Amino acid sequence: MITLKGAEVSAKIKEQVLSMNQELNGYVPTAAIVRIGERPDDLSYERNVMKRIAAYGMEAKSFAYPADISEEEFFAEFQKINDDETIDGILLFRPLPKHINEKRAEAMIRPEKDLDGICAVNTAKVFAGEKDGFAPCTAEAVIEVLKAFDLPIVGKRAVIVGRSMVVGRPLSMLMLKENATVTICHTKTEDLKAVCQEADILVAAAGKAKMLDASFLKEGAVLIDVGINVDENGKLCGDVLWDGLEEKASAATPVPGGVGAVTTAVLAKHLAQDRKSTRLNSSHGYISYAVFCLKKKKKKKKGRAR
Ligand code: NAP
């Protein structure tokens, strides 16, 4: 069995991003990481994202607000970030606190800055199979893993366990776009094991520690474990019990070190892709792009002088 290590996939994505950035003639794309409160998992994800974006030659700025920020105050701040021409992409950490309307934030984010594919325009583009929309990074990371290891998708039976808007649903559309035959499972699926056993590619995205095991797999199937859970010993684990997999699967992603390690690389890729297409190919054209770069440089200088 091949262990599908996320690090190998992100190394390939890094090469693509560095090459895309070279075409930006010195312009450095900048992401805004928007966080409310101090949840430990958000802080750790933020550190990873900041590190990854820097390693890929771009910039990330953290915009952190107290957990008790009022809804109006937050949306006023969010609008400023959304309108800020020096910010190329936005990652909004969710879930937001209950008193802040998440749907409103999703609707507000400008599609071209929407790094994690949360707004309706990007969702529609993903569901329509269009090329230029941003898919949620984790869903896209699954496709990146399969492609990086040259695992065939065309014509294969893909079974996805989980139907969330973050992973299962968008992934089903991305798989369909790659010409897989897709089945989505959920808590009401009858005989889950039998359905999983039909899969050439089985994706576990249920968020239930070790709920699947080797007996759910067809001989030679590829297993992608998206789940990130904490087991009874406080250790990170996926949705699939690793024991016994080696005799059954032809390839599998580990947890940790699998899909999770690719998600932030995809986020960085979105940041670079966005700049490449909107600044170089937009109706503003090359001249306005150059003026924009100059403005951004001046603004940065001013900031340093303060
Ligand atoms: P979610 O919103 O809770 O959705 C879970 C989905 O799994 C639901 O559709 C649910 O079905 C289904 N499900 C749950 N238990 C099931 C069962 N026993 N049998 C069949 N289906 C079941 O979770 P999510 O946000 O999609 O995340 C899923 C997992 O991926 C989590 O472990 C999360 O931590 C991880 N994740 C990883 C990354 C990464 O970077 N690797 C990013 C995001 C999420 P119903 O719709 O019927 O309730």
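Let me confirm something: among Glu232, Glu219, which residue is away from the ligand (no atom under 15 Å from the Cβ), part of a loop (DSSP other than H, G, I, E, B), surrounded by fewer than 24 Cβ atoms within 10 Å (Cβ to Cβ) and at pLDDT 95 or above? Even if it seems obvious, please write down each step before you answer.
On the way: Glu232 fails: at pLDDT 95 or above.
Criteria check complete, one pass: Glu219.
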Confirm whether Ile87 is touching a strand residue (DSSP E or B) at 6+ places or on another chain (Cβ under 8 Å) and closer than 16 Å to Cys137 by Cβ.
no
Which of the residues that make up the range 235-269 are touching a Leu at 6+ places or on another chain (Cβ under 8 Å) and within 10 Å of the ligand (Cβ to nearest atom)?
Asp239, Thr253, Val255, Pro256, Gly258, Leu267
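Restricting attention to the range 175-209, which residues are away from the ligand (no atom under 14 Å from the Cβ) and either at negative phi or assigned to a strand (DSSP E or B) (or both)? Let's see the steps before the verdict.
Pass one, the range 175-209, residues away from the ligand (no atom under 14 Å from the Cβ): 175-182, 197-198, 200-201.
The answer is Met175, Leu176, Lys177, Glu178, Ala180, Thr181, Val182, Gln197, Glu198, Asp200, Ile201.
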How about the range 113-157: which of its residues are in a loop (DSSP other than H, G, I, E, B), basic (Lys, Arg) and in contact (Cβ under 8 Å) with a residue 24 or more places away in the chain?
Lys156
Let me confirm something: among Asp213, Asp200, which residue is modelled with pLDDT of 95 or more, under 19 Å from Cys185 (Cβ atoms) and within 24 Å of the chain's Cα centre (by Cα)?
Asp200
Only residues that are under 25 Å from Ala221 (Cβ atoms) and of a type in the set (Ser, Thr, Tyr): list them for the range 103-152, please.
Thr138
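Suppose we filter the range 134-151 for residues that are among the acidic types (Asp, Glu) and within 15 Å of the ligand (Cβ to nearest atom); how many remain?
2
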Can you confirm whether the range 158-171 contains a residue that is more than 30 Å from Pro111 (Cβ to Cβ) and either touching a residue at least 40 places away in the same chain (Cβ under 8 Å) or away from the ligand (no atom under 12 Å from the Cβ) (or both)?
yes
Select from the range 108-125 the residues that are farther than 23 Å from Lys61 by Cβ, out of contact with any strand residue (DSSP E or B) (no Cβ under 9 Å at 6 or more places or on another chain) and more than 15 Å from the ligand (Cβ to nearest atom) and list them in ascending order.
Ala120, Ala124, Lys125
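Considering only residues that are of a type in the set (A, V, I, L, M, F, W, C) and either in contact with a Lys or Arg (Cβ under 8 Å, 6 or more places away or on another chain) or not in a loop (DSSP other than H, G, I, E, B) (or both), look in the range 164-174 and name the one that is nearest to Val226 (Cα to Cα). Spell out how you get there, then give the answer.
Of the residues in the range 164-174, the ones of a type in the set (A, V, I, L, M, F, W, C) are 165-167, 171, 173-174.
Applying the additional criterion that residues be either in contact with a Lys or Arg (Cβ under 8 Å, 6 or more places away or on another chain) or not in a loop (DSSP other than H, G, I, E, B) (or both) yields 171, 173-174.
On the way: Leu171: 11, Met173: 16, Leu174: 15 Å.
Step by step, filter the range 164-174, then rank; the result is Leu171.
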What pairs come up if the first residue lies in the range 178-192 and is free of Cβ contacts under 8 Å to residues at least 40 places away in the same chain, the second is of a type in the set (D, E, K, R) and near the ligand (Cβ under 8 Å from one of its atoms), and their beta carbons are under 9 Å apart, counting only those six or more places apart or on different chains?
Ile184/Arg163; Cys185/Arg163; His186/Arg163
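With Asp42, Asp88 as the choices, which residue is surrounded by 15 or more Cβ atoms within 10 Å (Cβ to Cβ) and modelled with pLDDT under 95? Let's see the steps before the verdict.
Values: Asp88 fails: modelled with pLDDT under 95.
On inspection, the qualifying residue turns out to be Asp42.
This table checks each residue for (1) on the phi < 0 side of the Ramachandran plot; (2) of a type in the set (Val, Ile, Thr).
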| position | (1), (2) |
| --- | --- |
| Leu4 | yes, no |
| Val9 | yes, yes |
| Leu18 | yes, no |
| Asn21 | yes, no |
| Glu46 | yes, no |
| Val49 | yes, yes |
| Arg52 | yes, no |
| Gly57 | no, no |
| Ala67 | yes, no |
In the range 49-80, the residues that are part of a strand (DSSP E or B) and surrounded by 16 or more Cβ atoms within 10 Å (Cβ to Cβ):
Glu59, Ala60, Phe63, Tyr65
Selection from the range 111-134 of residues that are touching a His at 6+ places or on another chain (Cβ under 9 Å) and either open to solvent by 30 Å² or more (accessible area, probe 1.4 Å) or over 19 Å from Thr30 (Cα atoms) (or both)
Asp116
Assuming Asp213 fulfils every condition listed in (1) open to solvent by less than 70 Å² (accessible area, probe 1.4 Å); (2) touching a Phe, Trp or Tyr at 6+ places or on another chain (Cβ under 8 Å) apart from one, which condition is it?
(2)
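The values are calculated or read from the model by the stated rules, or taken from the named source; none is laboratory data. Computed from a predicted structure; not experimentally measured. Ideal geometry is used to build each Cβ from the backbone, glycine not excepted, and the neighbour counts take in all protein chains shown. Protein only, heavy atoms only, side chains kept; ligands, DNA and RNA dropped before computing areas. Shrake-Rupley method; radii C 1.70, N 1.55, O 1.52, S 1.80 Å.
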